[in-house]
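Input: a single structure, listed below in structure tokens.
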Amino acid sequence: MISTRGRYSIRILLDLAEHRNGGYIPMKEVAERQGISLKYIERILPALKKAGFVDSVHGIGGGYRLTREPEDYTLWEILDVSEGDLAPVACLKTDASVCERAAECRTLSVWQQYYKLTKDFFSGITIADLMNRPLANEYVI
């Protein structure tokens, strides 16, 4: 399941993309538009900045902006940064040791296929794609 942190990370980057004008956007404005606590956004931003998704300037006229074009951000990479490893089972996590039951595991291929479907799905959607989708009666996840 995707957590609030993952969903909000996508919303923050989408908001920055939709309101970009070459300058920096104060997070207070993003918080107001998105209905997200500024304190919560401030807890998410360090990971997004460390991943190189945004850069920032402090002080008057400061804020955040995207470092790439919206079409260069996939939901998979955003969720990977904000959620951590998205593997559905422990044995598929990035640094997992080989499971001693792998050779006899009847479910391993199911989890591998599920993981691939999930990765392929979210890798095929960009922030630009979201910008071009119609609003769903202003329903917010």
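None of the figures in this text is laboratory data; all of them are computed from the coordinates on show. Keep in mind it's a predicted model, so treat the numbers as computed, not measured. Using ideal geometry, Cβ is built from the backbone for each residue, glycine included, and neighbour counts are taken over all protein chains shown.
Collect residues whose amide H, placed 1.01 Å from N in the peptide plane, falls under 5 Å from the amide H of ILE25; neighbours closer than 5 in sequence don't count.
Residues meeting the criterion, in which the H sits 1.01 Å from N, are TYR64, ARG65.
Taking 7 Å along the Cα-to-C-beta vector as the label spot, tell me the GLU32-GLU18 distance in nanometres, rounded to one decimal.
1.6 nm
How about LYS50: which aspartates and glutamates have a C-alpha closer than 20 Å to its C-alpha, ignoring those fewer than 8 places off in the same chain?
Within the straight-line limit of under 20 Å, LYS50 reaches these aspartates and glutamates: ASP15, GLU42, GLU69, GLU71, ASP72, GLU77, ASP80, GLU83, ASP85.
So, R0 is 25 Å and r is the distance between the beta-carbons of ARG68 and LYS119; what FRET efficiency does that work out to, to 0.05?
0.80
For the peptides 33-45, 92-104, what is the packing order when you average, over each peptide's residues, the other Cβ atoms within 10 Å and list the highest mean first?
Put in order of decreasing packing, that is 33-45, 92-104.
What lysines does LYS116 reach when the alpha-carbon gap must be under 19 Å and sequence neighbours fewer than 8 apart in one chain are set aside?
Filter leaves LYS93.
Grab the Cα-Cα distance for GLU42 and ARG133, subtract it from 0.36 nm times how many residues apart they are, and report the gain in nm with one decimal.
Values: separation 91, 0.36 × 91 = 32.76 nm, distance 2.71 nm.
Contour length minus the Cα-Cα distance gives 30.1 nm.
Can you give me the C-alpha center-to-center distance between the stretch 88-124 and the stretch 1-71, rounded to a whole angstrom?
Comparing the Cα centres of the stretch 88-124 and the stretch 1-71, I get a distance of 31 Å.
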